[in-house]
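The structure appears below as structure tokens.
The values are calculated or read from the model by the stated rules, or taken from the named source; none is laboratory data. Every value quoted in this text rests on a predicted model; they were computed, and no experiment measured them. Ideal geometry is used to build each Cβ from the backbone, glycine not excepted, and the neighbour counts take in all protein chains shown. For accessibility, only protein heavy atoms count, side chains too; no ligands or nucleic acids. Shrake-Rupley method; radii C 1.70, N 1.55, O 1.52, S 1.80 Å.
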2 protein chains.
Amino acid sequence: MEVKTRAPGKIILAGEHAVVHGSTAVAASIDLYTHVSLRFPSPSENDDTLIIQLKSVALELSWPISRIKAALSYLGCPFSSTPTSCSAESARSLAALVEEENFPEAKIGLASGVSAFLWLYTSILGFKPATVIVTSELPVGAGLGSSAAFCVALSGAFLAFSGSVNVDMSHQGWLMFGDNDLELLNKWAFEGEKIIHGKPSGIDNTVSTYGNMIKFRSGSLTRIKSDLPLKMLITNTKVGRNTKALVAGVSERSLRHPDAMSFVFNAVDSISRELSNVIQSPAPDNLSVTEKEEKLEELMEMNQGLLQCMGVSHASIETVLRTTLKYKLASKLTGAGGGGCVLTLLPTLLSGTVVDKVIEELESCGFQCLTAGIGGKGVEVCFDGSC
Amino acid sequence: MEVKTRAPGKIILAGEHAVVHGSTAVAASIDLYTHVSLRFPSPSENDDTLIIQLKSVALELSWPISRIKAALSYLGCPFSSTPTSCSAESARSLAALVEEENFPEAKIGLASGVSAFLWLYTSILGFKPATVIVTSELPVGAGLGSSAAFCVALSGAFLAFSGSVNVDMSHQGWLMFGDNDLELLNKWAFEGEKIIHGKPSGIDNTVSTYGNMIKFRSGSLTRIKSDLPLKMLITNTKVGRNTKALVAGVSERSLRHPDAMSFVFNAVDSISRELSNVIQSPAPDNLSVTEKEEKLEELMEMNQGLLQCMGVSHASIETVLRTTLKYKLASKLTGAGGGGCVLTLLPTLLSGTVVDKVIEELESCGFQCLTAGIGGKGVEVCFDGSC
């Protein structure tokens, strides 16, 4: 018996950093996915192990179910039909379980993800043997929401078997969850994100769950429906950044220059609102796709200037900007900045030859290029092995 | 009998473009000069020609005084103790005089400068033979105020002999004009600028006349006194730009995105005000030179981001930014953008080795690098041949 899920990554289209200071931001799903395959051993296999394989980072871990039970059941936690937060005590037990697996030093950053997996698995499905295989098209730690996609895909797979959601197991191909089920799934994924990030905003898991686009401001999220078929080039500079330090840097700059920075945050707020109006369908204005793309390019360029004004750009980001500018393409950093990923809008009418040339030039700088459709579906599930 | 003058170029430290939309801007003089030497033939030479040599552009023109007189005196214009505007009719006569000289096609852009020269010369000194030699350390058309420095240096030299200013001709070395004389000189220079630029802001000639720094907003200029010994690297990208198109582009963007752009202009206004507070002496706060430099660097970086948001950056400017960023130096475009010049603050404690390396790297990109002290003296005059 096998179930597969896939959950998309996300990008911030506008408003990163400024959102911390009260501005609107807009996030969108990308059609790059984290895939989860969940398989239970048949009774004849008489297996008693929980195995997780993280294919894209070449990590495999396994625990005897009895070991997990011993570590967790005394806390009275797992098995819960409503999403529950992992207590500090449970977190310690999970971390101990993960530690027993002797993580290679280089992969220690993934330990909290494995804790989240164990929490979600045992909370939703209890103590039963299974093999969970995770593959991902999303680079880890690049600001594309890989950890949220991981938690969403896991939650989707576990819930599909939990009996707490309604899914038609006889359906062929990818299947969307119902609205109530998505809400439950999103809450569970958020609990997983909390284990990984401490205080996540909830944006990444919400985008990965529902897909499409989301406008958010001061903690409140609004889903935006868009039929605009946007395509972005995502350039991963591979420059690691310290998100906390970058966020703190913007706050410090904002204390040093309160007037100027407050205008900057307000400008970003206007840009995010305009951008969400442009992509919203039915569109308030009757612009053609090309006109909309031009508007978006201008808004991206403006937002990038404001991010530079906040001081979160980086030489590697500037290199991407300069390169894409040569081809008259608009780019902006996405997420924390200081490295990470850069978005470049690929207009519908842009020739594939130009795209190939830009990618070739960017990759020759040592960057990783991904192209992605923007604002597609959220998490989906598949039962019949055809996916 | 010879008189020499020198008049400095200028840079915009903050607020270009936004100033058109009501924000404050700050300009400063740079210690790169346009030099004028004015020599009258001795009576024995019995010369009857007005000669101008523009050394830095290898252009020499001359007219018989009788020819100039015939072309202009019927208009009843020249000889005026107060600065007068060149009428459309006079402008046509001047242009005809200049045209007779068969300008090489490549230098046709200098024709209006020669008209301005003829206007200032004949208005202030009438119809007498002389040789005027102009040399300049300022690149032409790069936004460093070369035309204003030209008009200021010419006006200074002509006025020094006109009897309408008080200068001590027995003084040795460079000599400053008195305040009233500077006012007169500045007005004349402005008349020259009008011939060259149509509707100049008056900022360039004012900075070149008075030196130091000037804060301006909605047409009103305030001189700022600074004792801060600032040094800038000025990188001329040599990319020609169309200032009018760039200004129009910002206005159009501002019509398309009125809310966002209005916040952007307000942010620039705050930055210009902060910057002028930092450089003002006596300083309102007791910051060290290094602390002030750090503040200025941050404000320059912020202003540059906002200029990028207005859409007036250029690939060549980005190249300069990316290069100087590698050395942790802050840069911003100065003037119209779209090419032109980029400023990089050179902190007092920066080693000469680093400066040399930055310059070497920038020059290897085909750019021209100049280093300049900021906020120095305005126009000066010299009589004794020692200058």
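Hey, does segment B:317-325 have a residue that's touching a Leu at 6+ places or on another chain (Cβ under 8 Å), charged (D, E, K, R) and open to solvent by 40 Å² or more (accessible area, probe 1.4 Å)? No, that holds for no residue.
Pairing residues of segment B:217-231 that are polar (S, T, N, Q) with residues that are part of a loop (DSSP other than H, G, I, E, B), at Cβ distances under 7 Å and at least 6 apart in sequence or on separate chains, gives B:S218/B:G22; B:S226/B:N212; B:S226/B:Q280; B:S226/B:S281; B:S226/B:G375. For segment A:280-316, the candidate set comprises residues that are β-branched (V, I, T) and open to solvent by 50 Å² or more (accessible area, probe 1.4 Å); within that set, the residue that is nearest to B:T323 (Cα to Cα) is A:T290.
A:A260 meets all of the listed conditions (1) open to solvent by less than 10 Å² (accessible area, probe 1.4 Å); (2) in a strand (DSSP E or B); (3) hydrophobic (A, V, I, L, M, F, W, C) but one, namely (2). Residue pairs whose Cβ atoms lie under 9 Å apart, sitting 6 or more positions apart in sequence or on different chains, and linking a residue in segment B:102-116 that is in contact (Cβ under 8 Å) with a residue 24 or more places away in the chain to a partner that is among the basic types (K, R) and part of a helix (DSSP H, G or I), are B:A116/B:K194. If you go through segment A:304-327 and keep only what is touching a helix residue (DSSP H, G or I) at 6+ places or on another chain (Cβ under 9 Å), more than 8 Å from chain B (Cβ to nearest Cβ) and farther than 21 Å from A:E252 by Cβ, you end up with A:V320, A:T323, A:T324, A:Y327. In segment B:224-243, how many are among the basic types (K, R) and either in contact with a strand residue (DSSP E or B) (Cβ under 7 Å, 6 or more places away or on another chain) or not in a loop (DSSP other than H, G, I, E, B) (or both)? Qualifying residue count, segment B:224-243: 2. Within this structure, B:N277 passes the test of being more than 11 Å from chain A (Cβ to nearest Cβ), under 22 Å from B:K10 (Cβ atoms) and surrounded by fewer than 21 Cβ atoms within 10 Å (Cβ to Cβ). So, B:N205, is that one assigned to a helix (DSSP H, G or I), of a type in the set (S, T, N, Q), at negative phi and open to solvent by 10 Å² or more (accessible area, probe 1.4 Å) or not? For B:N205, the condition - assigned to a helix (DSSP H, G or I), of a type in the set (S, T, N, Q), at negative phi and open to solvent by 10 Å² or more (accessible area, probe 1.4 Å) - is not met. Within segment A:329-345, is even one residue free of Cβ contacts under 8 Å to residues at least 24 places away in the same chain, within 13 Å of another protein chain (Cβ to nearest Cβ) and either more than 25 Å from the chain's Cα centre (by Cα) or under 30 Å from B:M261 (Cα atoms) (or both)? Checking segment A:329-345: not a single residue is free of Cβ contacts under 8 Å to residues at least 24 places away in the same chain, within 13 Å of another protein chain (Cβ to nearest Cβ) and either more than 25 Å from the chain's Cα centre (by Cα) or under 30 Å from B:M261 (Cα atoms) (or both).
Filter segment B:355-365 for residues that are open to solvent by 40 Å² or more (accessible area, probe 1.4 Å) and either away from chain A (no Cβ under 14 Å) or closer than 26 Å to B:H17 by Cβ (or both) and give the result.
Answer for segment B:355-365, where residues must be open to solvent by 40 Å² or more (accessible area, probe 1.4 Å) and either away from chain A (no Cβ under 14 Å) or closer than 26 Å to B:H17 by Cβ (or both): B:D356, B:K357, B:E360, B:E363, B:S364, B:C365.
For B:S147, the criteria (1) in contact (Cβ under 8 Å) with a residue 12 or more places away in the chain; (2) open to solvent by 30 Å² or more (accessible area, probe 1.4 Å) hold in every case but one, which is (2).
When residues in segment A:245-281 are screened for being in contact (Cβ under 8 Å) with a residue 60 or more places away in the chain and among the acidic types (D, E), 1 of them pass. Inspect segment B:179-192 for any residue being over 29 Å from B:Q308 (Cβ atoms), in contact with a strand residue (DSSP E or B) (Cβ under 8 Å, 6 or more places away or on another chain) and open to solvent by 50 Å² or more (accessible area, probe 1.4 Å) and give the result as yes or no. No, every residue in segment B:179-192 fails to be over 29 Å from B:Q308 (Cβ atoms), in contact with a strand residue (DSSP E or B) (Cβ under 8 Å, 6 or more places away or on another chain) and open to solvent by 50 Å² or more (accessible area, probe 1.4 Å). Scanning segment A:232-244 for residues that are touching a residue at least 40 places away in the same chain (Cβ under 8 Å) and away from every other protein chain (no Cβ under 14 Å) gives A:M232, A:L233, A:I234, A:T235, A:N236, A:K238, A:G240, A:R241, A:N242, A:T243. Scan segment B:8-18 and give yes if some residue there is on the phi > 0 side of the Ramachandran plot and open to solvent by less than 20 Å² (accessible area, probe 1.4 Å), otherwise no. Yes, segment B:8-18 has at least one match. Take the conditions in a helix (DSSP H, G or I), under 25 Å from A:K292 (Cβ atoms) and either over 20 Å from the mean Cα position of the chain (by Cα) or of a type in the set (A, V, I, L, M, F, W, C) (or both) and apply them to B:L296. Does it pass? No, not satisfied. Screening B:G211 with (1) within 22 Å of the chain's Cα centre (by Cα); (2) outside the structural domain of B:T34 (by TED's automatic domain parsing); (3) surrounded by 14 or more Cβ atoms within 10 Å (Cβ to Cβ) gives one miss only, at (2). Among the residues of segment B:97-127, those identified as farther than 13 Å from B:L54 by Cβ and β-branched (V, I, T) are B:I108, B:T122, B:I124.
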